[in-house]
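Read through the structure below, which is laid out as structure tokens, and then see the notes.
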Amino acid sequence: MSAILDHLILGCGAMFDAQRAPATARLTVHPATDDAPVDPAGLLEALAEVWPADSGPMSLNLTSEPWLSALMDAELPGHLMVEVPAFLAGEPAWADRIRQRAGQGAGLVLKGRPLSPLGADVMACFKLAIVDRADDRRLGAAPAAAGAPRALPFVQSGNATPAEAADSFKRGAQAVLGWPLGEAPDGSKPKKGVPGSVAVVMDLIQRVDREEPAPKLEAVLRGDPSLAFRLMRYINSPGFGLSVEINSFSHALMMLGYSRLKRWLALLMTSAVDDPDLKPLMFLAVRRGLLMEELAKQHGDDTTRNEVFLCGVFSLLDRMLGQTFGQLFGSLPVPDRVAQALVQGDGPYLPYLELAEAVEMESPIDIRERTEVLLATAGEVNRAALRAMATARQLRAD
């Protein structure tokens, strides 16, 4: 990928639609240093490798005005949009540029609430607006005003709970930026029952851990045909990278072996949770696992890569199932170093997890700090993040 990635800090977010699916990817771009080169062509070249048009829309959030200005002048593919801060859109010089670029077909997003109303001609240049919940004046408005049509389709940011996200959709939001993870269970409440499909996958993981023969494993899957279908969808997805089509569990075991099969059963477990509000968590958990695996390719062996992948995929399972990791891992076999990171909050895999979380939060300061802890370079992290974003998109099997 382009050498410009060595001079940037990238954060990877997502906009989730009313079906709780990741409808639009979001990439936050921050210069790694004050004197970092401004190279929009290099960034677009890197994105073309991992995020072509058929990957879906992506919104680019440039935190540097020189970068934003340069990208506004670049030739943008139709599936890429550029976020323009509302305070800039109110400046006459920027308003002229916005009108010009919109007239040339560029996809523009208005980010934030303007300090003063923008002209209708400027508002018409944007495809949508990102409105933070804290700045949304309609939240306290009378019902008639709250439900009145907006000048632009809007994406709501800043939701703290799934209920607030649901409220955003009720008020007409096209999507929400990010998804509230909720509080991790502390074990003080009664333990929730494990959904039937999740119990089936947990049983399979235990059997794979014992390396039981394929016929016994297939017998378990036959009791839940929908899970068997999802597993085949995952294994045969482009993100899996196999050159032949897998048509049965036995075939999968023959091609993959027990170790690799176990990691994809972990993906299946996240997709077996039926609550719609948990679908974004499934997507984020998978993307975490993929990013952690990509990072481990630089610093670890096959065992490390497989285990950090499991660590990322399982990292939100406590919130999905309403049980602490200590409770969950009493019945679900995981490697010791995975349990160490998730239950005890330490160990060799914790830095991978904390870096993945920082990338997900799109926080340049935290990403830089976690990158240094892991003894990685900005370029390594950026390339890993982009590959993980692309693979997570390919692996969706819902």
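The values are calculated or read from the model by the stated rules, or taken from the named source; none is laboratory data. Keep in mind that what you see is a predicted model, and the values were worked out from it rather than measured. Because the Cβ atoms are built from the backbone with ideal geometry, glycine has one as well, and the counts that use them run over all protein chains shown. Each accessible area value is taken on the protein alone, full model and side chains, heavy atoms only, with ligands, DNA and RNA left out. Shrake-Rupley method; radii C 1.70, N 1.55, O 1.52, S 1.80 Å.
Whole-Hz ³J(HN,Hα) for each residue in the range 258-266, computed from phi via Karplus 6.51 cos²θ - 1.76 cosθ + 1.60 with θ = phi - 60°, x for glycine and proline: what do you get?
5, 5, 5, 5, 4, 5, 7, 5, 4
In terms of modelled amide H atoms, which long-range or inter-chain residues lie less than 5 Å from the amide H of S157?
Here V131, D132, R133, L177 satisfy the definition.
Please list, ordered by chain and number, the residues whose modelled amide H lies under 5 Å from the amide H of V84; skip anything fewer than 5 residues away on the same chain.
Here V109, L110, K111 satisfy the definition.
Ignoring ligands, DNA and RNA, please state the percent of accessible area on the chain from carbon and sulfur, probe 1.4 Å.
It is 52 percent, rounded to a whole number.
Roughly how tilted is helix 350-361, in degrees to the nearest 10 and between 0 and 90, from the longest Cα axis of the chain?
Roughly 30 degrees between the two axes.
Leaving ligands, DNA and RNA out of it, rank M361, M292 by accessible area with a 1.4 Å probe, largest first. If you can, show how the numbers build up before the last one.
Numbers: M361 135, M292 0 Å².
Result, largest first: M361, M292.
Considering only protein heavy atoms, what per residue accessible area in square angstrom results for the chain with a 1.4 angstrom probe?
Values: 17020 Å² over 398 residues.
Solvent-accessible surface per residue comes out at 43 Å².
When the helix-only estimate is applied to the chain (DSSP H runs of n ≥ 4, each -39,500 (n - 2.57), divided by the residue count), what is the mean residue ellipticity at 222 nm, nearest 500 deg cm²/dmol?
Calculated at 222 nm, the ellipticity per residue is -14000 deg cm²/dmol.
Roughly how many nanometres apart are two label points built 7 Å out from the Cα toward the Cβ at E75 and E218?
Here the modelled spin labels are 5.4 nm apart.
How large is ³J(HN,Hα) for each residue in the range 218-234, as worked out from phi by the Karplus curve 6.51 cos²θ - 1.76 cosθ + 1.60 (θ = phi - 60°), to whole Hz, x for Gly and Pro?
3J(HN,Hα) across the range 218-234, in whole Hz: 5, 4, 5, 5, 4, x, 9, x, 5, 5, 4, 5, 5, 4, 5, 4, 4.
Report the FRET efficiency, 1/(1 + (r/R0)^6), for D135 and D167, where r is their Cβ-Cβ distance and R0 is 22 Å, rounded to 0.05.
Calculated value: 0.90.
Please count, across the chain, the pairs of lysine residues with Cα atoms under 25 Å apart that sit 8 or more places apart or on different chains.
Final tally of qualifying lysine pairs is 11.
Considering only the other residues whose Cβ falls under 10 Å of the Cβ of T161, what net charge follows from Lys and Arg at +1 and Asp and Glu at -1?
-4
Report ³J(HN,Hα) in whole Hz for each residue of the range 49-65, in order, from the Karplus equation J = 6.51 cos²θ - 1.76 cosθ + 1.60 where θ = phi - 60°; Gly and Pro get x.
6, 10, 9, x, 4, 6, 7, x, x, 9, 9, 9, 10, 8, 8, 10, 5
Measuring from centroid to centroid over Cα atoms, what is the spacing of the range 253-312 and the range 173-205 in Å?
16 Å
With a 10 Å radius around each residue's Cβ, average the other Cβ atoms per peptide and rank 166-173, 219-226, 250-257, highest first.
Result, highest mean first: 166-173, 250-257, 219-226.
Using a basic spin-label model with each label point 7 Å from the Cα along Cα→Cβ, how many nm lie between A151 and Q344?
5.7 nm
Pull up all non-local amide H partners of R26: gap of 5 or more, or a different chain, and H-to-H distance under 5 Å with H placed in the peptide plane.
G13, A14, M15, S59
For the range 281-398, give the magnitude of the charge dipole about the Cα centre (Cβ charges: +1 Lys/Arg, -1 Asp/Glu; no others), in debye to the nearest 20.
360 debye
FRET efficiency for D274 and I365, Cβ-Cβ distance as r, R0 = 30 Å, nearest 0.05?
With a Förster radius of 30 Å, E is 0.20.
Once both axes come from the Cα atoms, what is the angle between helix 378-394 and the longest principal axis of the chain, in degrees from 0 to 90, rounded to 10?
Helix 378-394 and the main axis of the chain meet at about 70 degrees.
By what distance, in whole Å, do the Cα atoms of the range 148-274 stretch along each of the three principal axes, largest value first?
60, 42, 22
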